[in-house]
Amino acid sequence: ELKVEQNPLFLSMQEGKNYTIYCNYSTTSDRLYWYRQDPGKSLESLFVLLSNGAVKQEGRLMASLDTKARLSTLHITAAVHDLSATYFCAVDHQGAQKLVFGQGTRLTINP
Amino acid sequence: EAQVTQNPRYLITVTGKKLTVTCSQNMNHEYMSWYRQDPGLGLRQIYYSMNVEVTDKGDVPEGYKVSRKEKRNFPLILESPSPNQTSLYFCASRPRVSYNEQFFGPGTRLTVL
């Protein structure tokens, strides 16, 4: 059974600081996703990581994937308040028929 | 506009009263899926469908039914809802299982008293 674990689950940080959210998964998978969710809203796709060593960047967010370590990271650079949200990683399982999510990381960025 | 729609968006009901949450997509997607979101647990997959008349269980299917009679619709049926099914539900679709992204609906907040 595939398990996906994120840490930390809660993160409060100051604007301008850098931080990293970690996503570990327990079995081999080819695709990993990062989503953002604002309160009361649906999920917004941020990144799709398809292969070992993949790195994608959008603004102050950068995601990477190490399939050998079964680890993905979401790095936040010089955080701004607008990045406050809950971030989920998710991993395709069983030939992508199933999508397994981590618990989510609630990020709060204080001015 | 390409989208996944869900109805209702909010529902309060009582234990044992059958209900259906509808999900529809206008993108001709083959793959559709239902998830529930609970605090601290992330999203968990309830059922998914690879195509018309093809459905299968996800990780938490107990107490739910689905059907896929047409490509665009994938309703979630709770025959006898119970309080532990109080949750936020999301429907999602993608063109085919190999496509790299799922598109999520707006969510349905269900409360079972």
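Computed from the coordinates by the stated procedures, all read-outs in this text should not be read as laboratory data. Predicted model, so just to flag it, every value in this text is computed and none were measured. Cβ: placed from backbone, ideal geometry, glycine included. Neighbour counts: every protein chain shown.
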Check: If you average the sequence gap of Cα pairs under 8 Å that are 6 or more apart and divide by the length of chain A, what percent do you get for the contact order?
Finding: 36
Next item on the list: Would you please name the trypsin sites (Lys or Arg not before Pro) within region A:63-109 that are DSSP coil residues with at most 14 other C-beta atoms within 10 Å of their C-beta?
Entry: A:LYS68
Notebook entry, point to check: With chain B treated as a Gaussian network of Cα nodes joined by springs under 10 Å, which of B:LYS65, B:LYS17, B:LYS57 yields the largest mean-square fluctuation?
Noted result: B:LYS17
Notebook entry, point to check: Which distance in Å, rounded to a whole number, links the C-alpha centroids of region A:43-111 and region B:69-91?
Noted result: 27
Check: Among A:LYS3/A:LYS56; A:LYS3/B:LYS71; B:LYS18/B:LYS57; A:LYS3/B:LYS17; A:LYS56/B:LYS71, which pairs are too far apart, with a Cα-Cα distance over 26 Å?
Finding: A:LYS3/B:LYS71; A:LYS3/B:LYS17; A:LYS56/B:LYS71
Check: Quick one: if the Förster radius is 22 Å, what FRET efficiency do B:LYS17 and B:ASP38 give, using the C-beta to C-beta distance and rounding to 0.05?
Finding: 0.55
Note to self: Only four residue types carry charge here, +1 at the Cβ of Lys and Arg and -1 at the Cβ of Asp and Glu. Report the dipole size of the protein assembly as shown about the Cα centre in Debye, rounded to the nearest 20.
What the structure shows: 300
Notebook entry, point to check: What is the mean number of Cβ atoms from other protein chains located within 10 Å of the Cβ atom of each residue in peptide B:94-107, rounded to a whole number?
Noted result: 4
Next item on the list: Restrict the search to region A:6-76; then list the GluC sites (Glu not before Pro) that DSSP places in a loop and that have at most 16 other Cβ atoms within 10 Å of their Cβ.
Entry: A:GLU15
Margin query: If you take each beta carbon of peptide B:47-56 and count the beta carbons of other chains within 10 angstrom, what is the mean?
Written below: 1
